[in-house]
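Engineer: Structure below; questions to follow.
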Protein chains: 4
Amino acid sequence: MPLTEEQKAEIEAARAEPRPTLRAVSEGMERWLYRPVEVLDHGLIRVIDYMGDDSAITQAARVSYGRGTKSVSNDEGLIRYLMRHWHSTPFEMCEIKLHVKLPVFVARQWIRHRTANVNEYSARYSILDREFYIPAPEHLAAQSTVNNQGRGAVLEGDEAARVLDWLRADAGRAYDHYEAMLSQAQADGTPQAGLARELARMNLPANIYTQWYWKVDLHNLFHFLRLRADPHAQYEIRVYAEALCEIVKDWVPAAYAAFEDYRLGAVQFSAKGMGCLRRMLAGEVVTQETSGMSKGEWREFEGALEI
Amino acid sequence: MPLTEEQKAEIEAARAEPRPTLRAVSEGMERWLYRPVEVLDHGLIRVIDYMGDDSAITQAARVSYGRGTKSVSNDEGLIRYLMRHWHSTPFEMCEIKLHVKLPVFVARQWIRHRTANVNEYSARYSILDREFYIPAPEHLAAQSTVNNQGRGAVLEGDEAARVLDWLRADAGRAYDHYEAMLSQAQADGTPQAGLARELARMNLPANIYTQWYWKVDLHNLFHFLRLRADPHAQYEIRVYAEALCEIVKDWVPAAYAAFEDYRLGAVQFSAKGMGCLRRMLAGEVVTQETSGMSKGEWREFEGALEI
Amino acid sequence: MPLTEEQKAEIEAARAEPRPTLRAVSEGMERWLYRPVEVLDHGLIRVIDYMGDDSAITQAARVSYGRGTKSVSNDEGLIRYLMRHWHSTPFEMCEIKLHVKLPVFVARQWIRHRTANVNEYSARYSILDREFYIPAPEHLAAQSTVNNQGRGAVLEGDEAARVLDWLRADAGRAYDHYEAMLSQAQADGTPQAGLARELARMNLPANIYTQWYWKVDLHNLFHFLRLRADPHAQYEIRVYAEALCEIVKDWVPAAYAAFEDYRLGAVQFSAKGMGCLRRMLAGEVVTQETSGMSKGEWREFEGALEI
Amino acid sequence: MPLTEEQKAEIEAARAEPRPTLRAVSEGMERWLYRPVEVLDHGLIRVIDYMGDDSAITQAARVSYGRGTKSVSNDEGLIRYLMRHWHSTPFEMCEIKLHVKLPVFVARQWIRHRTANVNEYSARYSILDREFYIPAPEHLAAQSTVNNQGRGAVLEGDEAARVLDWLRADAGRAYDHYEAMLSQAQADGTPQAGLARELARMNLPANIYTQWYWKVDLHNLFHFLRLRADPHAQYEIRVYAEALCEIVKDWVPAAYAAFEDYRLGAVQFSAKGMGCLRRMLAGEVVTQETSGMSKGEWREFEGALEI
């Protein structure tokens, strides 16, 4: 369901009137404010508000009186130092508030990140829209044969068609019945009481879209992104994380660059792994058999080293 | 789906072997351990573990070396004092771990209480059982006409029958298709790839049952119970809260008694309400018009005073 | 130690350059930004940043696309409703960041509120200033004879003088030795190694001032204010809470008004207290003996009713 | 101040009476219960209670009905897998409660770990004991010349003696005045009011000992240990962390072994570092100049590889 004309007008109105503030302003972030970023077939992310910028991180780290920036390069160096040494509190001094529209099964993964503020659209109080996530054909994948919680090859032909038919038909029928149960009239107009919304919603499948306001500090957002922008995350939440990465990059460029280097692109080796690594650097040929690692660990070790 | 014989045997085995411990033991709680308490049509609560008892609360409050109980009545008085004056940290020193089976739409309300530890059965990794919550006829209620997020009179006759038919049929069909999508064979035996579990689950409605381990401290459990054992809470989560109340009463009887007096049965009056109350005690007849309250507030005020 | 000229200049510079933003702006709050509010003899509170305003609360409650304000009076009514019914998540959608300078013993009470972000000035890394809280004579009070954790009458004459002398002399001497231990030269100029800062600080008393950046959402700030702006809170933290109340009143006037009515000025009666109240409203004369309450509870009950 | 005879008797009494329980029991942990582990000159750690064992972790991960242990080696493999892949929630299903006595400046570092429950001895309500941390000569170190928040060589001769004299004398005098201010009689017996405890405590230095009950789940305890048992942590908190490591090793041996391999002994390389590592494994000689790293990063990189 695309935005209504009224919603578009509300967004334009919110963007039309810049007002003066004495607070830290991130020019890069102002461009994103309120605009819907489309995700999946009906989902979106909108930045509703933010607090702080790169300088706010170093200002808090220094507990300083002024904006405290001696120079941009000083700030960048300090931000990299803080990220490298797991000093998390200065990053908690930036905050972002989002409006997110997402399928319920994605929302259920997302909410597991508890250190955030959430206000979800209430299906006890309101009626949900007829909007369901139906995967694009290229994302309709078989169960992975090597990873118990992953997916493998794309489904083909008849099988894909059958799956899409079922997903569409079951969602549509469930919603038809949801509406019919809620209604104070039967199909032929005969009056009926109408089922309570808090009960009727139980008929709706997990691919229906819900919405919430979600607010989180930058440290916890980075933690979310590290787990959810990861290739092992389920595709349907990963696309939200990836869209957020683009936004954060414009909001706090120095912090995001440090995050890419020290978190997203970083690799951790176990004590055992470090032992192997040191032997390899000394010229020894190490194999799984001589590594002391399980097959799974060794596969991950080789993968990290790209050997 | 009742417990399997294997599950019953596991529970019996766990209950069969008491072992010695030097820790605080709550006799009342030992009786509940592992036993399934049935909730709704297929749900359950099982106590998996607990830490502390009434004395553990006062012992922490006194930061004492020994069990610190001078007398049971001393402990009770101190517990009442702590509860009355909102000293929450001593109550955080008790902990409970539960195994809960509950419909997904109840789980979604429950998880909003963020100060707890949760480990949910993963539908990315495993296949959910064919179990759906279908309300008993006496709980199949119409939308409330006065409360936007509540329910009113029980549905009757044909309307009730229609609703139950739809709930049952849609759940059954959704599950049939869930199984068919997951399967590596079509109905006639022709092989197919089988849809990834993380995708197939999106077809399942919100009344399917899920399971989790949930661990929480006593202070946060009381907060949960105050909100969810309240008459305004949705029936389907309230029955879980009420079942928990019975368990907590046996675990920490003194703390539970204080909770009943100072939280469950307590009433808070606003500054405005206190003004009215004092005028009424001085003999004045106060009406909504002379109260300064809105109609909604006045109705709640009268309700609290039972006048 | 008053602000240095450099610090004043930094604050003026930060206030001199309003910049355009599309975010929600609270005019009332802009006036407070960066300006030091003096608390105690050397303490201060400065607002460094904020997110949201009254409308941001209702906007989140409605999960709406635009600013969503139909009218100011609608917003006020909804805010009052949310506060009255303990809907906390919409209030979590506003955030404030403060720079606070405060004595260490106050900081130790403050930090017990865990749901906030803190970045404290590090005495491992930096050298603390020679600034100590010395109570004004009117706040130098005796131990309360009725309240184990409160204070009673103001100290007089010689006793007050002795106390002030000791506080001043011990703090001064401790700081002299702190400096002497840190120094790489003895008093006569002879070189010495100089004790590590992380060790030297252990000589400093609890009335030395520290500083931190503290960031919290509005819901948790209200919780802090309810406990710390209370007459039972220790005076030295209460003055910080009271200063914050003035700031919050200008930031989110409608939310603050609801907070005053439903929290600050509200009274909670236990189940037992409600029983007495109903009997009194029915004309019965209830005494402590017939109330079923302990003496302490009855005293608080009478106090709340001002009878 | 060694334990009093009464305290020793309380501890012995608590250890004297094993009681039957149906809960998970960790034999290794039962041996630690209540016994004081001495830390620093007057500090201690005592295990007051615990919940769960190694099997409780895998049981929660499987959301199983019984204890769920197929075999010990299965459990160990699963625990290693969970730790390696940052599945934190199963580790949150174990909990520990400690009684800790520690200097105030250590308590101030410790409390920064917010995801825990704390109940501290109240100096508003009670009188603190005359006990101060005075470093042993071998821990009296100079400020590090390379690390702004670390210590270097041990102080020697006169300088060490001066420091110890000041620490002892200032603490003693501060405590004498604390007592004199609290007292309801002057030294010569003349009555006086006696300063409120909540004020008198401000004269006490940061090396005075305080006590608290501290309760935390295993995941958050591991996080604490990773940061505080690290060589970069301040010695005075590190010794507490190291004492805790010994306790946890006996409580949950499989989880602790995984923690040692994947956290304590693990090394994380940045994206940049991984690039260098792959070049080195391919036979290239990489130097700081050709690494793209800053000098600080390169030093840490070399340190990790022990080259």
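The values are calculated or read from the model by the stated rules, or taken from the named source; none is laboratory data. Note that the structure is predicted; figures quoted are calculated from it, not measured. Here the Cβ positions follow ideal geometry from the backbone for every residue, glycine too, while neighbour counts run over all protein chains shown. Heads up: the accessible areas ignore ligands, DNA and RNA and are worked out on the full protein's heavy atoms, side chains in. Shrake-Rupley method; radii C 1.70, N 1.55, O 1.52, S 1.80 Å.
Engineer: Which of the residues spanning the range A:215-237 are among the acidic types (Asp, Glu) and under 20 Å from A:Leu40 (Cβ atoms)? Lay out the reasoning, then the answer.
Structural biologist: Kept after step one, since they are among the acidic types (Asp, Glu), are these residues of the range A:215-237: A:217, A:230, A:236.
Within the range A:215-237, A:Asp230, A:Glu236 meet the criteria.
Engineer: Is the range D:260-282 home to any residue that is farther than 25 Å from D:Tyr81 by Cβ, in contact with a Phe, Trp or Tyr (Cβ under 6 Å, 6 or more places away or on another chain) and part of a helix (DSSP H, G or I)?
Structural biologist: yes
Engineer: Being surrounded by fewer than 21 Cβ atoms within 10 Å (Cβ to Cβ), more than 27 Å from D:Thr115 (Cα to Cα) and of a type in the set (Phe, Trp, Tyr) is the requirement here; does C:Tyr121 meet it?
Structural biologist: Working: surrounded by fewer than 21 Cβ atoms within 10 Å (Cβ to Cβ): yes; more than 27 Å from D:Thr115 (Cα to Cα): no; of a type in the set (Phe, Trp, Tyr): yes.
Taking the combined requirement at face value, the residue does not satisfy it.
Engineer: Determine the pairs where a residue that is modelled with pLDDT under 95 and polar (S, T, N, Q), located within the range C:288-301, has a partner that is surrounded by fewer than 15 Cβ atoms within 10 Å (Cβ to Cβ) and part of a loop (DSSP other than H, G, I, E, B) with Cβ atoms under 6 Å apart, the partner being 6 or more residues away or on another chain.
Structural biologist: Hits for this filter: zero, empty list.
Engineer: Now for a separate question. Looking at (1) touching a residue at least 60 places away in the same chain (Cβ under 8 Å); (2) in a loop (DSSP other than H, G, I, E, B); (3) more than 8 Å from chain D (Cβ to nearest Cβ), find the lone condition where C:Tyr125 falls short.
Structural biologist: C:Tyr125 satisfies all of (1) touching a residue at least 60 places away in the same chain (Cβ under 8 Å); (2) in a loop (DSSP other than H, G, I, E, B); (3) more than 8 Å from chain D (Cβ to nearest Cβ) except (3).
Engineer: Follow-up. Which condition does A:Glu138 not pass, out of (1) loosely packed, with under 13 Cβ neighbours inside 10 Å; (2) within 7 Å of another protein chain (Cβ to nearest Cβ); (3) among the acidic types (Asp, Glu), if it passes all the others?
Structural biologist: (2)
Engineer: So which residues in the range A:73-115 are open to solvent by 10 Å² or more (accessible area, probe 1.4 Å), touching a residue at least 24 places away in the same chain (Cβ under 8 Å) and of a type in the set (Val, Ile, Thr)?
Structural biologist: A:Thr89, A:Val104, A:Thr115, listed by residue number.
Engineer: Of the numbered conditions (1) over 13 Å from the mean Cα position of the chain (by Cα); (2) within 9 Å of chain B (Cβ to nearest Cβ), D:Asp75 satisfies every one except a single condition; which is it?
Structural biologist: Evaluating D:Asp75 over (1) over 13 Å from the mean Cα position of the chain (by Cα); (2) within 9 Å of chain B (Cβ to nearest Cβ) leaves (2) as the failure.
Engineer: Oh, and also: Right, D:Asp176: of a type outside the set (S, T, N, Q) and under 23 Å from the mean Cα position of the chain (by Cα) or not? Talk me through it step by step, then tell me what you get.
Structural biologist: Details: of a type outside the set (S, T, N, Q): yes; under 23 Å from the mean Cα position of the chain (by Cα): no.
No, not satisfied.
Engineer: Does A:Glu138 fit the bill of being under 29 Å from A:Gly52 (Cα atoms) and among the acidic types (Asp, Glu)? Walk me through it before giving the result.
Structural biologist: Working: under 29 Å from A:Gly52 (Cα atoms): no; among the acidic types (Asp, Glu): yes.
Here the answer is no, as A:Glu138 does not meet what is asked.
Engineer: For the structure I just gave you, tell me whether C:Glu27 is closer than 21 Å to A:Ser55 by Cβ, out of contact with any Pro (no Cβ under 7 Å at 6 or more places or on another chain) and either at pLDDT 95 or above or more than 9 Å from chain A (Cβ to nearest Cβ) (or both). Before the answer, list the steps.
Structural biologist: Details: closer than 21 Å to A:Ser55 by Cβ: no; out of contact with any Pro (no Cβ under 7 Å at 6 or more places or on another chain): yes; either at pLDDT 95 or above or more than 9 Å from chain A (Cβ to nearest Cβ) (or both): yes.
Considered against the rule, which asks whether it is closer than 21 Å to A:Ser55 by Cβ, out of contact with any Pro (no Cβ under 7 Å at 6 or more places or on another chain) and either at pLDDT 95 or above or more than 9 Å from chain A (Cβ to nearest Cβ) (or both), C:Glu27 comes out as no.
Engineer: Let me ask you something else. Can you tell me which residues in the range D:150-167 are open to solvent by 30 Å² or more (accessible area, probe 1.4 Å) and either without any contact (Cβ under 8 Å) to a residue 24 or more places away in the chain or more than 10 Å from chain C (Cβ to nearest Cβ) (or both)? Even if it seems obvious, please write down each step before you answer.
Structural biologist: Of all residues in the range D:150-167, those open to solvent by 30 Å² or more (accessible area, probe 1.4 Å) come to D:151-154, D:156-158, D:161-162, D:165-166.
Residues satisfying the conditions are D:Gly152, D:Ala153, D:Val154, D:Glu156, D:Gly157, D:Asp158, D:Ala161, D:Arg162, D:Asp165, D:Trp166.
Engineer: For the range C:293-305, what are the residues that are within 24 Å of B:Gly303 (Cα to Cα) and loosely packed, with under 15 Cβ neighbours inside 10 Å?
Structural biologist: C:Glu302, C:Gly303
Engineer: If you go through the range A:39-59 one residue at a time, do you hit one that is of a type outside the set (Lys, Arg), open to solvent by 20 Å² or more (accessible area, probe 1.4 Å) and at the interface with another protein chain (Cβ under 9 Å from one of its Cβ atoms)?
Structural biologist: Looking for residues that are of a type outside the set (Lys, Arg), open to solvent by 20 Å² or more (accessible area, probe 1.4 Å) and at the interface with another protein chain (Cβ under 9 Å from one of its Cβ atoms), one finds none in the range A:39-59, hence no.
Engineer: Moving to a separate point now. Do you know which residues across the range A:197-252 are in a helix (DSSP H, G or I) and either of a type in the set (S, T, N, Q) or not assigned by TED's automatic domain parsing to the domain that holds A:Ile48 (or both)?
Structural biologist: Here is the first cut: in the range A:197-252, the residues in a helix (DSSP H, G or I) are A:197-203, A:218-228, A:235-251.
Selection gives A:Arg197, A:Glu198, A:Leu199, A:Ala200, A:Arg201, A:Met202, A:Asn203, A:Asn220.
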